Structure formats: C-alpha cells, structure tokens
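This is the structure I have questions about; it appears just below.
The values are calculated or read from the model by the stated rules, or taken from the named source; none is laboratory data. Predicted model only: the values in this text are computed from it and were never measured. Because the Cβ atoms are built from the backbone with ideal geometry, glycine has one as well, and the counts that use them run over all protein chains shown. With ligands, DNA and RNA removed, areas are computed over all heavy atoms of the protein, side chains included. Shrake-Rupley method; radii C 1.70, N 1.55, O 1.52, S 1.80 Å.
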Amino acid sequence: MSALTSSLTEAPVRLMSPEVIRAAQTRIAPHIHRTLLMGSHLLDSWLGHEVSFKVEGFQKGGAFKIRGALNALLSLKEEGNLPSHVVAFSSGNHAQAVAMAGKMLGITTTIIMPRFVSKVKQQATLSYGAQLLLTDTRQQAEALAAEMAERGAYLLHPSADDRVIAGQGTACLEALEDGGKMDAVFATCGGGGLLSGAYLATQLVSPETPVYGAEPQIANDASQSYQAGHIISFDESPMTIADGARTLHVSESTFAYLKKLAGFYEVPEHEIIYWTQWLHHLLKVVVEPTSAVAMAAAHQWMKTQKRRQRILVILSGGNIAANSYQKVWAQDYLCQPPE
C-alpha cells in the first residue's frame, strides 16, 4: 500500500453558494443527458430500505465527468475567455470528458495519463480527437500538466476547480428533483468533485439530508483527511480495483466541502467487487467498480438504521476495462444475496 503524507490546510477556501449548481444545470442541460434514476424492488425487499440509483453510466462518455468539464469550458466561453488549448491529467473518465468537451467547442485538448490507465479509456480519449501523453506515474502526469500550463495551456483540473465542482453537482440535483426527498445521499470520492457538488446540490433543495462519502479501504486518503482535519496524501497511486478512486489526494477546493459531510465509509476490495456484480445483475446496466463503492458504503449505513430509509446512491460511471471486468467476475458472489 502507498505511504501517506500529511499536508496542513492553507488559507480557508471561499465556499460557493448552492445556487451555482442550478446555474450549471441551466448551462449544460442542452448538451448532456438527463440520466435515469433507477431502483430494484427485489433489492429493496432484501435490505428493508428504498434505494434510488442515479446511473451516470448512461451519460455522454459513460460517466458524470462531462458535466464538470462542459460547465467549466462553457463558463469560460460566456466570460469571453475560452482557451484555444486545454490540458488535463486523469485516470480515465475526466480525460474522456475534457476531450469530448473540447471537440464540442472546437478547441485543442491534450490529455496526460499514467500508463496503468485502461486501454479502453486511452482509446476513448483518442477517439474524441485529443492528443494523449502517457507517463509512468500519476505524479509525473500531474507535473507534466502543470508544466504545459506554465507554457500557456489552460489546465482543467478534475476537481480543484469551482466550475467543475458546480457541473458535477448537477447529477445530484437532477436525482433529487426526479426522486424527491431522500434520507441520505452517497457518492464515491476520488478527487472529491462529485461529492462536493452533491453537498451543494443537497444544500440547495434538501439541506437537512446528510451526504456521505465512500472510499476504497486501500485508497482512503479523503477519509483520513476528514478524520484528521487536514489533507493527507498518498505518495503513489493506490491500486484499488476502483480506478476512479486512485487519486493521490483531494484538493483544497474540494476538502472545504468534504469537511462538511456527515461522514465517510471505507470499503474493502471484496465488497466493491460484490456490489459491482450485484448492481450489474439487479439493474441490468454496466457499473464500474468505482460506482459500486458508494453502494457498499450505503449498505454499511443501512445496517445501522432502525426504520425504513430512502437513499440516493450516485453511480458515477459505467466504463470498465476488460482486465478489471475479469477481476470482478473471477469469483461468483451472486450466490450470496444482499441482506
């Protein structure tokens, strides 16, 4: 497992008004899908709770990330500051989103990925017309992106950007509008943009509803940061099967919101695989392991509840590589129904 290091939080980040989520929704709605809110009566009967799933695997690019990338670039366009060249580093889904958004707006995009990113996500990024650069490590990818930004490219960070956070929050806002009041909201934490946006969206329409973060147990930098009160970082990318959660650390921008969450849950690898299998089986949709982390966390929470609850679980994406798919299905968990 990668070592953890500590970083003291700097000057307080100025929090955005929840209204930015509504503005982002208006801005990007003509360009994205309003994804389905799904459920399983069988699962509800087993668990004794009502679970609604916001299925972002049906989104353009197969994940929620297009929401943030588009909101950032469209906001810059409105301000008359649309860059001609955008650079981004990513473990996959943000890369595809930036490449797609760049193609839609006619701007050049350069994506920098570690070599361990799935070939499927690399090829998808190339298919949207981006230039793809590969590095040996996540740290090298981030450093090269920063270097290109110093030379004039616009660095579109996957989470440390208010416009990105606002865009990501539209997934939760749609779900709350379509599904009504929820007793709790769960989302997986990578860089923290989706969770930060979910917190703001919930504050906008249902401020009494708690929002919980979920992380793989072996990639728990945000959970440890939440407990410590300052950002803790990995020295190397933790190799969880939930590749969207292999980030080294959350940003100052997202940590300001993550500190306000109701809590974090850490999920062992076998539970991530278990719920990846069961969600695929019950919902009949492709669910990437990163998404299943949120359901595993919700399941932990539900076990502590004394009455029936209505829960929103944001399934962040459905992009899964062949090697990850093989790992997920190496052992059959479908003979063990949830309880």
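Place a +1 charge on the Cβ of each Lys and Arg in the chain and a -1 charge on the Cβ of each Asp and Glu, then give the dipole magnitude about the Cα centre in debye, rounded to the nearest 20.
Dipole of the chain, to the nearest 20 debye: 680 debye.
Right, something else. Over 28 Å between Cα atoms: which of Lys60/Lys119; Lys121/Lys284; Lys77/Lys259; Lys181/Lys303; Lys77/Lys260 fall into that group?
From the list (Lys60/Lys119; Lys121/Lys284; Lys77/Lys259; Lys181/Lys303; Lys77/Lys260), the Cα-Cα distance tops 28 Å for Lys77/Lys259; Lys77/Lys260.
May I pose another question? Once you compute Rg and the Kirkwood Rh from C-alpha atoms, what is the Rg to Rh ratio for the chain?
Radius of gyration relative to Kirkwood radius: 0.94.
To continue, here is another question. Give the aspartates and glutamates whose C-alpha is closer than 16 Å to that of Lys327, dropping any in the same chain fewer than 8 places away, or say none.
Asp243, Glu269, Glu271, Glu288
When only C-alpha pairs under 8 Å and at least 6 residues apart count, what is the relative contact order of the chain, in percent?
23 percent
Kindly provide the Kirkwood hydrodynamic radius of region 51-93 in Å, to one decimal, from all pairs of distinct alpha carbon atoms.
12.2 Å
Counting only other residues whose beta carbon sits under 15 Å from that of Ile241, what net charge do I get with K and R as +1, D and E as -1?
-3
Give the ranking of Leu134, Leu47 by solvent-accessible surface, highest area first, calculated with a 1.4 Å probe.
Most to least solvent-accessible, the answer reads Leu134, Leu47.
Region 121-277: D in µm²/s via Stokes-Einstein (Kirkwood Rh, Cα pairs, 4 °C, 1.567 mPa s)?
Diffusion coefficient, whole number: 77 µm²/s.
What is the angle, in °, between the Cα long axis of helix 289-302 and the longest principal axis of the Cα atoms in the chain? Nearest 10 is fine, range 0 to 90.
Value to nearest ten degrees: 40.
Helix 19-28 versus the longest principal axis of the chain: what is the Cα-based angle in degrees, 0 to 90, to the nearest 10?
70 degrees
Indicate, rounded to the nearest 5 percent, the antiparallel portion of the DSSP beta bridges found entirely in the chain.
Roughly 20 percent of the beta bridges in the chain run antiparallel, per DSSP.
May I have the extent of the alpha carbons of region 294-333 along their three principal axes, as whole Å values ordered from largest to smallest?
Cα extents, longest axis first: 40, 22, 11 Å.
Based on DSSP H runs of at least 4 residues, each adding -39500 (n - 2.57), what is the mean residue ellipticity at 222 nm of the chain after dividing by all its residues, to the nearest 500 deg cm²/dmol?
Calculated from helices alone, the mean residue ellipticity at 222 nm is -13500 deg cm²/dmol.
Okay, next question. What does the charge count near Arg34 come to, summing +1 for each Lys or Arg and -1 for each Asp or Glu among other residues with Cβ under 10 Å from its Cβ?
Here the charged neighbours net out to -3.
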